[in-house]
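The structure under discussion appears below in the form of structure tokens.
The values are calculated or read from the model by the stated rules, or taken from the named source; none is laboratory data. Fair warning: this is a prediction, and the values are worked out from it, not measured in the lab. Note that we place each Cβ from the backbone using ideal geometry, even for glycine, and neighbour counts take in every protein chain shown.
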Amino acid sequence: MTDKTIAAISTPAGEGGIGVIRISGRTAITIADRVFKSISGKKLCELDGYTALFGHIYSDDELVDECVATVFLSPKSYTGEDVCELSCHGGGLVLSSVLRAVLQEGASLAEAGEFTKRAFLNGKMDLAEAESVMGLISAKSREELRLQLSAKSGRVSKQISEIEGFLLELSANFAAFSDYPDEDLPELSEDNFKRLLSLAKNGLDALLSTYDSGKVLREGIKTAIVGKPNVGKSTLMNMLSGENRSIVTDIAGTTRDIVENTVNLGGITLLLADTAGIRQTDDKVETVGVELAKERLHTAQLILAVFDTSLPLDKDDEEILSLLSADNTVILLNKSDVGQATSVDQFKSFKTVMVSAKTGDGIGELEKAVKEISGTANLDPSAAVLLNERQLELAKKAHSAVAEAEQLLTSGFTIDAVGVAVDDALSHLYTLDGKRVTNEVADEVFRRFCVGK
Amino acid sequence: MNYFAGNFDVAVIGAGHAGIEAALAAARLGQKTVMFCINLDSVGNMPCNPSIGGTAKGHLVREIDALGGEMGIAADKTTLQSRMLNLGKGPAVHSLRAQIDRKAYTALMKHTVELQQNLILKQAEVVDLFKEDDGWHCVTRLSAEYVSKTVILATGTFLAGKIFVGEANYSGGPDGLFAAEGLSSALRKLGIPLRRFKTGTPARVLKSSINFDELDVQEGDEKIIPFSYRTKTAPENSVVCHISYTNDETKQVILDNIHRSPLYSGVIEGVGPRYCPSIEDKIMRFADKKRHQLFIEPCGADTEEMYLQGMSSSLPEEVQIKIYHSIKGLENVQIMRNAYAIEYDCVNPHLLNASLEFKDHSGLYGAGQFNGSSGYEEAAAQGLIAGINAARKNMGKEPLVLSRSSSYIGTLIDDLVTKGCLDPYRMMTSRSEYRLLLRQDNADERLMPIGFEIGLIDEETYESFLLRKKQKETEIERLRRTTVAPSQEINNRLSALDTTPLTTGIKLAELIKRPEVSYFDLADFDPCRPELPYEVGLKVETEIKYEGYIARQQAQVDDMLRLENKKLKKTTDYSEIDGLRLEAREKLNSVRPENIGQASRISGVSPSDISVLLIWLEKENRQ
């Protein structure tokens, strides 16, 4: 098991300008060399520990990203094994492409907490340290924490129990059928077997479909702040993020690039992008910014559209409005502290709140509106949601075992083989809801860790 | 005043199915062995059903045989009828069951015991048991004092046995034999807590009083597979069984008289087997069921006694008569021996290690119903292991502990010692999580090397096993390599079997993987096929057809073995381990598991407790 070289994104999802892929294991450096080409032409395997090279990551000869690769040699590394850390540009897409390239070259995806587990097993930290690391990586926001708790005691386990119930009934039927061949049992019909299997499968389908909404809470909602110039988008951005990330002036068109930040609004993580004001312009640089902003309108999951409520709506405002959909937009009537030339009624199909980004007035309503629109207000913490890749993996395995059982039954295979598939499905579910111990040393404890530090 | 009766290596108390295997194994391993029996005419007695095997029990017999036990050979020699159960439900649950001539079986077993070197058979009731510096002392009712290094308790239903028939109850063992009266208090004096279990048996009736005309007949298999790998000539069927059903009248008789059942009036305190209920139990618990099935089975070749399987009862004799008379075919039946319930002393098996030795009494072992199991086969399996381990202890060797993944025997003992049991434990295929690996057909592959190494399997048997194994492997290899081309003949055959015809050549092994196609179906299209024993052919088919599932179960076995390789010290004080929940500490201290795998199977020990244990163990190992 320790022979395996593992890799994972070890910076929190969706955050920051830099993301790190960590590779650990005997072949970590070799694998890194296969995806990384340094500017100097030097190979990573020629490096001493604690040194780094600058270069590029390639996947199938295609350039993916710039990268600083840092080499740590065993035992002087986080895990105690050979480790290579690839620091790339943040952003989920780039990082997952890099990770995919690394996995393609022979690394296995690290299980939750596996780096920390290896560190522990290689004597790099004691349990107390391990636990304090665990504290550091604990739930990113309160909402997620509540959701995790509910996964343990709430709907997820209830839903899983229900599925387990179907499979258990099936298993018990098989057992009676096999263990009491001479008994005068009510005829066990294949239809009944199929019915139970399909109930189990539907339950698993429902469970699997919740994974995406879980992801929203875990990784955050891609949110774009849009509006015409100088309505206070950057002020809003800064207010929400509690720092001066965007440069705020009263000169229209100050924000020309897209400024991003991760903020926590009422327990929901927003991956906030402040965009350039959308308006007709001749400024070439600004035009690029405007185009980028419009693009964001399409790719964002949530849009905060800002209007200056102290002034009546103009042509630019109207154009922006025409680009918006009520499904994923919150209208912010900003500068409520200055005056009110527009009213909520003018945006009746939209969810609309009055705010003052400057004073912070209306921020509570904004929170509520965001929650409602993102569906997370309805996302009751007790709703059944699969939380992480591991749970997803197990639910998927259970699903495919059930599908296999169905297929075996249909193709006329004997009951004992069908039973094995059913038991398999059950065992995955038992692992998922923690009713059974399956793995080796400390896996169970360390599973509580997120991937990486 | 006691008189000294001799020194022994192993003393076995009880000569039922557990005792016999224990004594034979110990003696065959060179131990000077004595076996006590209350009545020498009841050695290897079958006081309940005249049959051996059945679902999962058939597996046990094959496993006992593969390890060098006696039950399979004796059963083959006294078989009246044999059936492989569950054909069509898949090889994992195929189970052999044979009707046995019970008197012939008893006589054969007694004779085998008598002929066994190193083994002395004594008619005696052991009434006292205690330990001194020179070993365990077994004192008989007639004041003989035997001293033995190890003792195996295989007391069956004799220990403080009590018979119940309606309002009547009295001290007694099975089949009108005496109960064992003194031993219970000796065990309590040793600090061993005892509890009461109960079981029951139906009436034996006179064959000529049964009207068989309208009853369904149950025939034996055309091709009998013997239990024993050492049986050269398979037995033949000489009898048939019959099937009848209870009806509304039966139900009414029982309902009208249920207050007279000692079970329902509360006179019986013992816990009965859920898996083998009396007829009144079935009627009361499954009120909706219109009828219950019963089997009419001959007790032997030279007796007219017939056994009514499924009709055990503790109702008064006069009610029993009414019950039986309400059933088709039994309208005028004459009861020869009445049905009865029997209550007896036994232990909670969690007092034992997986070697079946008492945790707190070195050199003392338990086997069979004494350990809370039910059934001849379950008893024999434990007897064999207890006998082997008593011998090995005397020889200074490590005990033989079979894993769950190796056998039903391992599963049975692990269940007993890890989980204990609340009612008489019966083996079932569903108790094994590795069913596709633990088939009755491959018991030899799983256990014969162990039997050979221990010294209970002789050279010749082992050689013939190695040959069978080689034949099987070579044949599977050949089938994987051999291609069959599409032809009119084979496609006709495949169509007849309801499977897709061939358009291109295909490996024979691939064809066998189809559920509709058997190894034997393809003989005509496989000119190079070698002449192989029938069982080998079956095994070839099973291993090819179920390859994927077998591999998958093997992977699960490997996972569990990793946990089982994490050994826990018997001396561990779990109350000292921080982080364990209180319940887990108590349970762990009581079971004292051999390894983390076993710990994970204890009820009341949660996955998070196991995590704590793993971390703790890791820390201990580092220090």
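Laid out as a table, the results:
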quantity: Output for the stretch B:495-517, where each listed residue is in contact with a Ser or Thr (Cβ under 7 Å, 6 or more places away or on another chain) and within 14 Å of chain A (Cβ to nearest Cβ); calculated: B:Arg514, B:Pro515, B:Glu516, B:Val517
quantity: Residue match in the stretch B:601-621 (condition: in a helix (DSSP H, G or I), more than 10 Å from chain A (Cβ to nearest Cβ) and surrounded by 15 or more Cβ atoms within 10 Å (Cβ to Cβ)); calculated: no
quantity: Among the residues listed as B:Ala186, B:Ala234, the single one being closer than 30 Å to B:Val139 by Cβ, in contact (Cβ under 8 Å) with a residue 12 or more places away in the chain and either among the aliphatic types (A, V, I, L, M) or within 14 Å of chain A (Cβ to nearest Cβ) (or both); calculated: B:Ala186
quantity: Filtered residues of the stretch A:403-428 (kept if among the small types (Gly, Ala, Ser), part of a helix (DSSP H, G or I) and within 10 Å of chain B (Cβ to nearest Cβ)); calculated: A:Ala417, A:Gly419, A:Ala421, A:Ser427
quantity: Which listed residue is surrounded by 14 or more Cβ atoms within 10 Å (Cβ to Cβ), in a helix (DSSP H, G or I) and modelled with pLDDT of 90 or more, from B:Leu538, B:Leu563; calculated: B:Leu538
quantity: Selection status of B:Thr55, within 29 Å of B:Tyr462 (Cβ to Cβ), modelled with pLDDT of 95 or more, hydroxyl-bearing (Ser, Thr, Tyr) and touching a strand residue (DSSP E or B) at 6+ places or on another chain (Cβ under 7 Å); calculated: no
quantity: Total residues in the stretch B:489-507, condition surrounded by 14 or more Cβ atoms within 10 Å (Cβ to Cβ), outside any helix (DSSP H, G or I) and in contact with a strand residue (DSSP E or B) (Cβ under 8 Å, 6 or more places away or on another chain); calculated: 3
quantity: Selection within the stretch B:361-390 - in contact with a Pro (Cβ under 7 Å, 6 or more places away or on another chain) and in a helix (DSSP H, G or I); calculated: B:Asn371, B:Asn389
quantity: Qualifying residue in the stretch A:380-395 (condition: outside the structural domain of A:Ile221 (by TED's automatic domain parsing), at pLDDT 80 or above, buried (at least 18 other Cβ atoms within 10 Å of the Cβ) and under 21 Å from A:Ala172 (Cβ atoms)); calculated: no
quantity: Unique match (being modelled with pLDDT under 95 and assigned by TED's automatic domain parsing to the domain that holds B:Ile13) among B:Arg404, B:Arg392, B:Arg446; calculated: B:Arg404
quantity: Of all residues making up the stretch B:526-560, the number that are more than 15 Å from B:Ala509 (Cα to Cα) and within 14 Å of chain A (Cβ to nearest Cβ); calculated: 12
quantity: Test for A:Val98: is it of a type in the set (Val, Ile, Thr), modelled with pLDDT of 85 or more and not assigned by TED's automatic domain parsing to the domain that holds A:Asn264; calculated: yes
quantity: Filtered residues of the stretch B:216-258 (kept if assigned to a loop (DSSP other than H, G, I, E, B) and more than 25 Å from B:Gly58 (Cβ to Cβ)); calculated: B:Thr246, B:Asn247
quantity: Selection count, the stretch B:359-381, where residues are free of Cβ contacts under 8 Å to residues at least 60 places away in the same chain and within 11 Å of the chain's Cα centre (by Cα); calculated: 1
quantity: One residue from B:Pro349, B:Pro298 being surrounded by 19 or more Cβ atoms within 10 Å (Cβ to Cβ), in contact with a strand residue (DSSP E or B) (Cβ under 8 Å, 6 or more places away or on another chain) and under 30 Å from B:Glu398 (Cα atoms); calculated: B:Pro349
quantity: Residue match in the stretch B:22-41 (condition: buried (at least 24 other Cβ atoms within 10 Å of the Cβ), within 14 Å of chain A (Cβ to nearest Cβ) and either of a type outside the set (Phe, Trp, Tyr) or over 15 Å from B:Ala379 (Cβ atoms) (or both)); calculated: no
quantity: Verdict on B:Ser575 being within 30 Å of the chain's Cα centre (by Cα) and either of a type in the set (Val, Ile, Thr) or not assigned by TED's automatic domain parsing to the domain that holds B:Ala523 (or both); calculated: no
quantity: Matching residues in the stretch A:6-50 - criterion: being modelled with pLDDT of 90 or more and among the polar types (S, T, N, Q); calculated: A:Ser24, A:Thr27, A:Thr30, A:Ser38, A:Ser40
quantity: Single residue of B:Leu582, B:Leu588 found to be surrounded by fewer than 18 Cβ atoms within 10 Å (Cβ to Cβ), of a type in the set (A, V, I, L, M) and either farther than 30 Å from A:Val422 by Cβ or within 14 Å of chain A (Cβ to nearest Cβ) (or both); calculated: B:Leu582
quantity: Pick from the stretch B:328-342, criterion buried (at least 24 other Cβ atoms within 10 Å of the Cβ) and touching a Phe, Trp or Tyr at 6+ places or on another chain (Cβ under 7 Å), ranking: farthest from B:Lys587 (Cα to Cα); calculated: B:Leu330
quantity: Of the criteria (1) away from chain A (no Cβ under 14 Å); (2) over 30 Å from B:Leu194 (Cβ atoms), which one B:Phe295 fails; calculated: (1)
